[in-house]
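Working notes, structure below.
The values are calculated or read from the model by the stated rules, or taken from the named source; none is laboratory data. Please read all numbers here as calculations on a predicted model, not as lab measurements. Cβ sites come from the backbone with ideal geometry, for glycine too, and all protein chains shown count toward neighbours.
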Amino acid sequence: MIEADDYKHDDWINEVRKRNRSLRRQFLKYKDAEIVYSLTHRKLLEMADEAGAIYRIDGTVLINREIFDEYLEQFHQKPCTYSAYTKRKQYEKDRKEES
C-alpha cells in the first residue's frame, strides 16, 4: 500500500527536477545560445557584452539567459506596427495612382 510519505517524496523529487532544469538553463554556452537566439556568433557576443550577460570561466564563455532576455526586450516591436506601415504604403501608392 502507498503511504502519504511516498507522495511527499515524489513531490519533492519533481520539485528538485524542476529546479535543476531551470538552473541548467540559466547559463548557456555561446554555441548553444547561437541556436536558441538564432544569432551569429559575432552578433550574439556583441549583444551579450552590451547586456552584461557574459561570464568567462577558464576559457569557457557562458551567457546568462535572464540578463540577456531582459536586454532583448528593448528590441521588442510594438504590435500592429507592420500593419500600420503597410497601410501607409498602400495609401501612398493609391495617391500616386490618382495623380
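The table below lists the values:
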quantity: Contacts under 8 angstrom Cβ, first residue in the range 1-28 being closer than 30 Å to residue 53 by Cα and surrounded by 10 or more Cβ atoms within 10 Å (Cβ to Cβ), partner at pLDDT 70 or above and polar (S, T, N, Q), 6 or more apart; calculated: 26/64; 27/64
quantity: The lone exception for residue 98 - which of (1) on the phi > 0 side of the Ramachandran plot; (2) of a type outside the set (Lys, Arg); (3) loosely packed, with under 10 Cβ neighbours inside 10 Å it fails; calculated: (1)
quantity: Residue list for the range 63-77, filter: more than 13 Å from residue 26 (Cα to Cα) and outside any helix (DSSP H, G or I); calculated: 76, 77
quantity: Cross-chain or 6+ apart pairs with Cβ under 6 Å, the range 40-67 first and at pLDDT 95 or above, then assigned to a helix (DSSP H, G or I) and among the acidic types (Asp, Glu); calculated: 44/34
quantity: Among residues of the range 57-90, those that are acidic (Asp, Glu) and surrounded by 10 or more Cβ atoms within 10 Å (Cβ to Cβ), counted; calculated: 3
